[in-house]
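Written out below as structure tokens is the structure these notes cover.
The values are calculated or read from the model by the stated rules, or taken from the named source; none is laboratory data. Since we're looking at a predicted model, the values are computed, not measured. Please note: Cβ atoms are built from the backbone with ideal geometry, for glycine as well, and neighbour counts cover all protein chains shown. The area values use the complete protein model at the heavy-atom level, side chains included, leaving out ligands, DNA and RNA. Shrake-Rupley method; radii C 1.70, N 1.55, O 1.52, S 1.80 Å.
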Amino acid sequence: MATRKRVDAWVVTDEFWQRVEPLIPSRQRVADKEYIRKPGAGRPPKPARLVFEAIMFVLRTGCQWKALPTERFGSASSVHKRFLEWEAAGVFSEIWKAGLAEYDQMEGIAWRWQSIDGAMLKAPLAQESVGRNPTDRGKKGGSKRHLLVDGRGVPLSLVVTGANEHDVTQLDAVLDAVMVTRKTPPARRSKHLCADAGYRGRRAMESIKAHGYIPHVVDRGKEAAAKRRDPARRARRWVVEVCHSWFNRFRKLLVRYEKLDRSFMALNHLAAAIIAFRKVKLSINIIYG
């Protein structure tokens, strides 16, 4: 029996590109202007698919932009320039929305039980959204990713701050940044939010309720005790911790080397999109890895 050929995680399949290509903006030309390419004017623009695959390569492998394999992707500076153009056009957030829309259509977003949590990461080169890490002897160069996920762990909202920002201070920002709108919101009783003890307090409870959620804030000690009583029991909040681990599988996000928020957020949005697309059960695997 023939074995399946291994495909690298950064390779863009035809099926994935069909979903991404309509969201890539085309470069607009000035009307009534005649364009004549002069001799020695440089190479023509890179194909959009090649640029997108180069961005996927950086996201998956964690390599520096300037370390992109020239023999496959050409000029790294040209790739990075297009990446910033697409970020400014909102391409990566639109890919995330497209992933959530397909996931919602095929599986249905699990709105009933949602979970929220933050996770710290080292950010030695960051110039924005960076602060001293309170859990690492106050070392400089830390950022924090705050996530809201649905009942299956698919990211619905993402906010990045300095590591010194407490989770509860970003509660409103995270709940307000949900990427998709629930089409027909049912009664409040069907919308629960699970969080750890870091989200305790009167103001946090008021904020959670103001957003229409029923709060379920439990400290880890009580969760551990409940698991000892029933080993098969898992806290509903575990899915957000799993989602953070999914983000860490994208090596470019494991340690933040992006200096500016716009670049780092764009890569996070693309990772969130891939997580959403991978939750859709299809006969063909559109995304490897």
Can you confirm whether Ala126 is among the aliphatic types (A, V, I, L, M) and at pLDDT 95 or above? no
When you go through Val91, Val51, Val79 one by one, which is the residue that is open to solvent by less than 30 Å² (accessible area, probe 1.4 Å), more than 25 Å from Cys243 (Cα to Cα) and out of contact with any Lys or Arg (no Cβ under 6 Å at 6 or more places or on another chain)? Val79
At least 3 residues that are modelled with pLDDT of 95 or more and within 30 Å of Leu59 (Cβ to Cβ) in each: list the helices (runs of 4 or more DSSP H) lying fully within the range 160-249 that qualify. 171-176, 238-248
When the range 166-182 is checked residue by residue, the ones that are free of Cβ contacts under 8 Å to residues at least 40 places away in the same chain and either open to solvent by less than 10 Å² (accessible area, probe 1.4 Å) or not hydroxyl-bearing (Ser, Thr, Tyr) (or both) are His166, Val168, Asp172, Ala173, Asp176, Ala177, Val178
Can you say whether Trp65 is closer than 30 Å to Trp238 by Cβ and either open to solvent by 10 Å² or more (accessible area, probe 1.4 Å) or of a type outside the set (Asp, Glu) (or both), as far as the supplied structure shows? no
Just one of the numbered conditions (1) within 25 Å of Cys194 (Cα to Cα); (2) buried (at least 18 other Cβ atoms within 10 Å of the Cβ); (3) over 19 Å from the mean Cα position of the chain (by Cα) is not true of Gln105; which one? (2)
Hand me the list of helices (runs of 4 or more DSSP H) wholly inside the range 1-77 holding 2 or more residues that are modelled with pLDDT of 85 or more and touching a Phe, Trp or Tyr at 6+ places or on another chain (Cβ under 7 Å). 48-61
